[in-house]
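In what follows, a single structure is set out as structure tokens and then discussed.
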Amino acid sequence: MKAGEGPAAGDSPADSFPTVPPAGTPDGFRKDRHPGRRSRREGVIRAVWFLCALFAVITIFFIFAFLLLDAYPIFEEIGIWNFLSGPVWNPTGTPPAYGIFPLIVDTLLATLLAMAIAIPLGVGSAIYIAELAPYRVKAWVKPAVELLAGIPSVVFGFFGLVVLTTWIRVTFDVPTGETWLAGSLLLALMALPTIISVSEDAISSAPREYKEGSLALGATHWQTISRVLTPAALSGITAAIILGVGRAAGETMAVLMVTGNAPVIPEPIYNVLSPIRTLTGTLGIEMGEVPVDSTHYYALFGVAVVLLVITLVINFAATVVLARIKRQQAPSRPMCTPQEKAAPEWRERARAFYRDHRGQLLWGILAVSLLAFFGLIGLAVAAVLYLVVRFVPPMISPKWAQRIAFSLAALCVIIVLLSLGVILYDILSKGLPYITWEFLTAPPSNLGREGGIAPAIVGTMYLVIGSIAISLPIGIGAAIYLTEYARQGRLVGIIRTATDLLNGTPSIVFGLFGFAFLVIYLSFGVCLFAGQITLALMVLPTIIRTTEEALKTVPVAVREGSLALGASKWQTIRKVVLPPAVPGILTGTILSIGRVAGETAPILFTAVVFSTRFMPSSLFQPVMALPYHLYILATNVPGAQGQQYATAVVLLGLVVAFYAIAIWIRHRSMARHPW
Amino acid sequence: MTETTIITTNHVNLWYGENHAVKDVSMEVPDRRVTALIGPSGCGKSTLIRCFNRMNDLVPGCRITGQIDFHGQDIYARETDPVEIRRKIGMVFQKPNPFPKSVYENVAYGPRIHGIRDRGRLDTIVERSLRNAALWEEVKDRLSDSAMGLSGGQQQRLCIARTLAVEPEVILMDEPCSALDPIATSKIEALIDELKQKYCVIIVTHNMQQAGRVSDYTGFMYLGEMVEFGSTKQIFENPAKELTENYITGRFG
């Protein structure tokens, strides 16, 4: 052994055996002279990610604080109970009435019907895409669904306003098509991509072994899907549905444009052709025109608080459900732990009762809720459903069951794609002829009836770039902290809860918060920067969540393999954990970009003006934005239908371009990391 | 007891894309015996038994020629239902793969999908299958706990119980002990010895001692070809081919 070949620690026992190579750093390896510096670096990195994660908590705290602060006067003035249960909402009447009961009911109804449409369609489509679609079909159906997710809500609203409501008015022969049904149909369409994508991921990632194990027992493909894969993916599907509910309950623009906005409870309660007004719609309509610090202003913040509470309850329920399912499927739960043995007898009995009578319980709940909604007819429907479900399936052979189920799944996909096709065709065919060079490069004139939309395009680009630049590093950092560093503890629990809550917060609430905090309190005024921050906050949870999911799919064995080679934690994360997670992170970023580019509600009161002739020269000037421009054109400017359609085309085109690039990148990296 | 042939393969070839994984294999598998397939990694033995219950159908780009008969019925004939074949020819995989359900639901899964709904009958089947898989005593008090909480050896026996519950005629085992410790392995081996009273067992293993211990017949495969097939005694004590002898005596592999 040559002198100086090994490090100082070279005189290890290995030295006494000349044939054994010396322990220590092999030739050509970088020698780590400063292990202390390395560990300090690791510590700093860890701290940075921790701060990112903490950011979500701080944000949710601020949102709460500012909303409550501004809502407090109304609760004080008329009382919380009167506010919640008051049957009339008429803030501009004499005397003004601030009762939001009808708004709450309408919000729940709109969400309920939307989910009744979207859940079966979404889960059916997910099953088709994950398990049944031939490779080539899958290769273009999946991007098509993602495209549906990218259609901005204001475009849905615009389509609903000019096409869907007309269709409803004519088909059902009602005085106006602006109804609950129109709102719920749009909401269903908007919730579908989320439900489909997330469920499909969950089903696809159910371990292959389950499928093989089931098929090897002689199960048909459909039996395998319905009894093994779907249950195994249940937590993912539940998450998908909850995300969908969140999207539907918190959606503002599309609903506001097609529901007629009459603050009444439908009569009778299942009359889907009645106009309704949701909590979000109220905020969207009235917030812009109310004087700051008036009773009406406070009442609107009260509405926002209620909206927030409703969505938080939904989210909380979701978290509980997910935790339950996770616990049931937990792989390493030690059996017969002492605590479990010590569980009181009544709980054991209740659990056993639930296990044995789960079916009956569910049917009972269904029957009661149908009864509540539709009266005796509902009860009859429940009875018929029960008989059908109870006695028909055993009469169908597994083979026929499979055929029927697969046809239905294919039908779901066809319906979804057809909806997408109709919307795209309508908008493109009517909008493309109006797209001219002038339209793209000139500022608007005559209230947008003439001229172009160049400032709006630029404004939207600024908003997207700024908000993603803020939210992407923070979001990825927070996700890295939560999956790689955090040990389960109270703090992590709080951070995770805060992220979940932030995720369920409706976009219009972000708008209100941005207005109260950035525009008024920090005196930013209505400006680009306020919009960017508001949008960044809005997409932060999406980025955190999808990044977390992506990091979790990287097997532990890979991390251990890297650590066992002497790599540091951060090296391991950077070199072996992050690269395969890139496609997942990109999926999250795609969804975020789509939302940012198309969202109207958060910028409504924070960043936009309808018309400006100049490009913003600093972050503290207001901008035009495409979605807002389309909204105003569609609702407030008669005689600009060509410009409306053309603006919709440009907005769509912009989003599609973002999507196409991201999908392409993901596709490429997907091929390289096959697990 | 006289031997009857249950599975016959006739010049079976299999390709994964360009890769010729099984080459011209012809063999006869006797009923109620244990047949072992041995050979070095990648020799095509797992691929071959996956042909017997058409699990290779799931692999994209997989192509098969030749004929495999089960009770004289061509497994790959157009009118043959792979689902029916798999009910009669069960499979236990290398890595234990219980479903993320309770112990009870794992075993009851097969009978349920084949149309048994009566709780009493299911209880009987579950208990019998778990007993036959030598697992009953260990799990009888925690049937409703998640199967994922069992040890590796218990999980594998659960997978065997799950297979037994649909009352197949043939049980394919693809290296069932490779992920298990010696004690769990010996339990599974004892179980295999029991199972051959009622079932035809085909086991893939790269552990020669295991093949010697549990099997009545042994096939030695190498690079996709069936080099030699015969009684275990003959293969281990008096192999006809030099290649087999080299492998058996550990000179390569």
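For the range A:515-523, does any single residue satisfy the condition of being of a type outside the set (Phe, Trp, Tyr) and touching a Gly at 6+ places or on another chain (Cβ under 8 Å)?
Checked against the condition, which is being of a type outside the set (Phe, Trp, Tyr) and touching a Gly at 6+ places or on another chain (Cβ under 8 Å), the range A:515-523 yields at least one hit.
Residues that are surrounded by fewer than 24 Cβ atoms within 10 Å (Cβ to Cβ), away from chain B (no Cβ under 14 Å), farther than 22 Å from A:Ser407 by Cα and aliphatic (A, V, I, L, M): does the range A:221-236 have at least one?
For the range A:221-236, residues surrounded by fewer than 24 Cβ atoms within 10 Å (Cβ to Cβ), away from chain B (no Cβ under 14 Å), farther than 22 Å from A:Ser407 by Cα and aliphatic (A, V, I, L, M): absent.
Restricting to the range B:183-235, name every residue that is of a type in the set (A, V, I, L, M, F, W, C) and outside any strand (DSSP E or B).
Scanning the range B:183-235 gives B:Ile183, B:Ala184, B:Ile188, B:Ala190, B:Leu191, B:Ile192, B:Leu195, B:Met208, B:Ala211, B:Val214, B:Leu223, B:Ile235.
Looking only at the range B:71-93, how many residues end up being touching a residue at least 60 places away in the same chain (Cβ under 8 Å) and within 13 Å of chain A (Cβ to nearest Cβ)?
Final tally of qualifying residues: 7.
Tally time: how many residues in the range A:586-611 are over 22 Å from A:Gly653 (Cβ atoms) and either at pLDDT below 85 or surrounded by fewer than 18 Cβ atoms within 10 Å (Cβ to Cβ) (or both)?
Looking only at that region, the number is 2.
Quick one: which of A:Gly93, A:Gly124, A:Gly157, A:Gly79 is at pLDDT below 90 and in the same structural domain as A:Trp222 (by TED's automatic domain parsing)?
On inspection, the qualifying residue turns out to be A:Gly93.
Restricting attention to the range B:230-253, report how many residues are under 18 Å from B:Glu28 (Cβ atoms) and surrounded by fewer than 16 Cβ atoms within 10 Å (Cβ to Cβ).
Within the range B:230-253, residues that are under 18 Å from B:Glu28 (Cβ atoms) and surrounded by fewer than 16 Cβ atoms within 10 Å (Cβ to Cβ) number 4.
When the residues of the range B:154-182 are narrowed to those that are of a type in the set (A, V, I, L, M, F, W, C), within 9 Å of chain A (Cβ to nearest Cβ) and part of a loop (DSSP other than H, G, I, E, B), which ends up surrounded by the most Cβ atoms within 10 Å (Cβ to Cβ)?
B:Ala165
Can you tell me which condition A:Val582 does not meet? The list is (1) in contact with a Pro (Cβ under 7 Å, 6 or more places away or on another chain); (2) over 30 Å from A:Ala249 (Cβ atoms); (3) not hydroxyl-bearing (Ser, Thr, Tyr), and all the others hold.
Only one criterion is unmet by A:Val582, namely (1).
Looking at the structure I just gave you, is A:Thr252 at pLDDT 85 or above, more than 14 Å from chain B (Cβ to nearest Cβ) and surrounded by 20 or more Cβ atoms within 10 Å (Cβ to Cβ)?
Values: at pLDDT 85 or above: yes; more than 14 Å from chain B (Cβ to nearest Cβ): yes; surrounded by 20 or more Cβ atoms within 10 Å (Cβ to Cβ): yes.
Considered against the rule, which asks whether it is at pLDDT 85 or above, more than 14 Å from chain B (Cβ to nearest Cβ) and surrounded by 20 or more Cβ atoms within 10 Å (Cβ to Cβ), A:Thr252 comes out as yes.
Just checking: which of the helices (runs of 4 or more DSSP H) contained wholly in the range A:493-595 hold 2 or more residues that are within 18 Å of the chain's Cα centre (by Cα)? Please lay out each step first, then the result.
Values: elements: A:507-513, A:528-552, A:556-564, A:569-572.
It comes to A:507-513, A:528-552.
Please go through (1) out of contact with any strand residue (DSSP E or B) (no Cβ under 7 Å at 6 or more places or on another chain); (2) buried (at least 17 other Cβ atoms within 10 Å of the Cβ) for B:Gly72 and return the number of the only condition it doesn't satisfy.
(2)
Do the conditions hold for A:Ser562, that is, is it over 21 Å from A:Ala248 (Cα atoms), touching a strand residue (DSSP E or B) at 6+ places or on another chain (Cβ under 6 Å) and assigned by TED's automatic domain parsing to the domain that holds A:Ala56?
no
Are any of the residues in the range A:377-397 more than 30 Å from A:Leu652 (Cα to Cα), assigned to a helix (DSSP H, G or I) and in contact with a Gly (Cβ under 8 Å, 6 or more places away or on another chain)? Full working, then the answer.
Taking the range A:377-397 as the starting set, the residues that turn out to be more than 30 Å from A:Leu652 (Cα to Cα) are A:377-397.
Narrowing the set further to residues that are assigned to a helix (DSSP H, G or I) leaves A:377-391, A:393-395.
Remaining after also requiring in contact with a Gly (Cβ under 8 Å, 6 or more places away or on another chain): A:394.
Checked against the condition, which is being more than 30 Å from A:Leu652 (Cα to Cα), assigned to a helix (DSSP H, G or I) and in contact with a Gly (Cβ under 8 Å, 6 or more places away or on another chain), the range A:377-397 yields at least one hit.
When the range B:135-153 is examined, which residues are found to be within 11 Å of chain A (Cβ to nearest Cβ) and in a helix (DSSP H, G or I)?
Within the range B:135-153, B:Glu138, B:Val139, B:Asp141, B:Arg142, B:Ala147, B:Met148, B:Gly149 qualify.
Please enumerate the residues belonging to the range A:69-104 that are part of a helix (DSSP H, G or I), of a type in the set (A, V, I, L, M) and crowded, with 17+ Cβ neighbours inside 10 Å.
Step one: list which residues in the range A:69-104 are part of a helix (DSSP H, G or I), which gives A:69-78, A:80-85, A:101-104.
Narrowing further to those that are of a type in the set (A, V, I, L, M): A:69, A:71, A:74, A:78, A:80, A:84, A:103-104.
Of everything in the range A:69-104, those that are part of a helix (DSSP H, G or I), of a type in the set (A, V, I, L, M) and crowded, with 17+ Cβ neighbours inside 10 Å turn out to be A:Ala71, A:Ile74, A:Ile78, A:Leu103, A:Ile104.
Here is a list: A:Leu418, A:Leu432. Which entry is within 30 Å of A:Ile151 (Cα to Cα), touching a residue at least 24 places away in the same chain (Cβ under 8 Å) and either among the hydrophobic types (A, V, I, L, M, F, W, C) or outside the structural domain of A:Ala188 (by TED's automatic domain parsing) (or both)? It would help to see each step written out before you state the result.
Values: A:Leu418 fails: touching a residue at least 24 places away in the same chain (Cβ under 8 Å).
Step by step, each of A:Leu418, A:Leu432 is checked, and only A:Leu432 is within 30 Å of A:Ile151 (Cα to Cα), touching a residue at least 24 places away in the same chain (Cβ under 8 Å) and either among the hydrophobic types (A, V, I, L, M, F, W, C) or outside the structural domain of A:Ala188 (by TED's automatic domain parsing) (or both).
The values are calculated or read from the model by the stated rules, or taken from the named source; none is laboratory data. This structure is a prediction, so every number in the text was calculated from the model and none was measured. Cβ coordinates were reconstructed from backbone atoms using ideal geometry, including for glycine residues, and neighbour counts include every protein chain displayed.
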